[in-house]
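No lab work stands behind these numbers, since they all come straight from the coordinates. Computed from a prediction, not measured in an experiment: that's the story for all the values here. Neighbour counts run over all protein chains shown; Cβ positions are idealised from the backbone, glycine included.
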Amino acid sequence: MFSNNNLVEHLINKNALKSNNIIEAFRHIDRKDFVLDQSVSDIYEDYPLQIGYHQTISQPTTVAMMLEMLSAKEGEKILDIGSGSGWTTALLAYIVGDNGSVTGLERVDSLVKFGSSNLQKQRFKNAKIIKAKDELGIVGEKFNRILVSAAAEEFPSKLTEQLKVGGKLVIPIKNSIYEVTKKENGKLEGVEHYGFTFVPLIF
């Protein structure tokens with residue numbers, strides 16, 4: 001694959017990308033802007049790439065599938081935990097538009113700077129990446145959607161307290177990805193998708 005458009009077509013053909021708003025985001029947000037070395041030949045290949053500190057920019061298929069599960073909409077408030085390179089933060093910022101907002105959380109200081117610098121290339125006014133605190137997420141705030149891009153060992157129930165009613169959390173736990181929706185009565189409804197590999201979630 002030699003261009004971002006080739007990558008997008010590949011993801012559509014794999015049925016990883018389906019929704020028009022997410023496809024449009026992938027077309028406008030070039031993966032090249034979020035890698036360590038823009039001269040490498042495998043920027044648009046469908047596998048993770050190292051960004052330092054034992055972290056990666058995720059496999060495009062996995063990112064596409066997780067964003068489809070998250071199903072973010074224009075105007076929503078999003079929390080992106082484990083923002084790393086800033087790629088998913090930028091994709092989400094494009095999806096929610098000027099009336100929405102995206103906050104990326106990252107524990108590694110150097111990756112906060114790296115991701116923020118990458119995000120600035122897109123000139124979004126509705127997105128930022130900040131240093132994660134000791135507690136998972138942002139306690140006291142509520143979001144329409146929460147995306148976690150690193151694998152937890154067990155389900156972090158405290159994150160669901162940060163979800164608005166009707167909101168959705170997409171999180172890897174061990175080798176599965178869970179879609180968790182918060183229903184009107186506050187109960188949680190979950191779907192498990194098997195067979196994924198992620199760097200570990202640290203908090």
Region 120-167: number of residues that are in contact with a Ser or Thr (Cβ under 9 Å, 6 or more places away or on another chain), within 13 Å of ILE81 (Cα to Cα) and not aliphatic (A, V, I, L, M) = 4
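For region 68-113, enumerate the residues that are part of a helix (DSSP H, G or I), under 16 Å from ASP30 (Cβ atoms) and in contact (Cβ under 8 Å) with a residue 40 or more places away in the chain. Lay out the reasoning, then the answer.
Taking region 68-113 and keeping what is part of a helix (DSSP H, G or I), we get 68-70, 87-96, 109-113.
Those still in the list that are under 16 Å from ASP30 (Cβ atoms) too: 87-95.
Passing the criteria: TRP87, THR88, THR89, ALA90, LEU91, LEU92, TYR94, ILE95.
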Which condition number in (1) within 26 Å of HIS54 (Cβ to Cβ); (2) over 16 Å from the mean Cα position of the chain (by Cα); (3) outside any strand (DSSP E or B) is the one that PHE196 fails?
-> (2)
Region 30-55, residues that are closer than 22 Å to ALA151 by Cα, of a type in the set (Ser, Thr, Tyr) and without any contact (Cβ under 8 Å) to a residue 24 or more places away in the chain | TYR47
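Please determine, by comparing only the residues of region 74-104 that are of a type outside the set (Ser, Thr, Tyr) and out of contact with any strand residue (DSSP E or B) (no Cβ under 8 Å at 6 or more places or on another chain), which one is surrounded by the fewest Cβ atoms within 10 Å (Cβ to Cβ). Working first, answer last.
To start, the set of residues in region 74-104 that are of a type outside the set (Ser, Thr, Tyr) comprises 74-82, 84, 86-87, 90-93, 95-100, 102, 104.
This time we only want the ones that are out of contact with any strand residue (DSSP E or B) (no Cβ under 8 Å at 6 or more places or on another chain), so: 74-75, 91, 95, 97-99.
On the way: GLU74: 11, GLY75: 12, LEU91: 24, ILE95: 25, GLY97: 15, ASP98: 11, ASN99: 9.
The qualifying residue surrounded by the fewest Cβ atoms within 10 Å (Cβ to Cβ) is ASN99.
Does region 17-29 hold any residues that are surrounded by fewer than 21 Cβ atoms within 10 Å (Cβ to Cβ) and either within 16 Å of GLN120 (Cα to Cα) or in contact (Cβ under 8 Å) with a residue 40 or more places away in the chain (or both), and which are they?
Filtering region 17-29 for residues surrounded by fewer than 21 Cβ atoms within 10 Å (Cβ to Cβ) gives 18-21, 23-24, 27-28.
Of everything in region 17-29, those that are surrounded by fewer than 21 Cβ atoms within 10 Å (Cβ to Cβ) and either within 16 Å of GLN120 (Cα to Cα) or in contact (Cβ under 8 Å) with a residue 40 or more places away in the chain (or both) turn out to be LYS18, SER19, ASN21, GLU24, HIS28.
Just need a number here: residues in region 32-71 that are of a type outside the set (A, V, I, L, M, F, W, C) and surrounded by 22 or more Cβ atoms within 10 Å (Cβ to Cβ). Talk me through it step by step, then tell me what you get.
As a first pass, look at region 32-71 and keep what is of a type outside the set (A, V, I, L, M, F, W, C): 32-33, 37-39, 41-42, 44-48, 50, 52-56, 58-62, 68, 71.
Still in the list and also surrounded by 22 or more Cβ atoms within 10 Å (Cβ to Cβ): 58, 60.
The number of residues fulfilling the criteria is 2.
Return the residues of region 121-140 that are closer than 26 Å to ALA25 by Cα and loosely packed, with under 15 Cβ neighbours inside 10 Å; say none if nothing qualifies. Can you show your working first?
The first filter runs over region 121-140 and keeps only residues closer than 26 Å to ALA25 by Cα, leaving 121-132, 137-138.
Hits for region 121-140 are LYS121, ARG123, LYS125, ILE130, LYS131.
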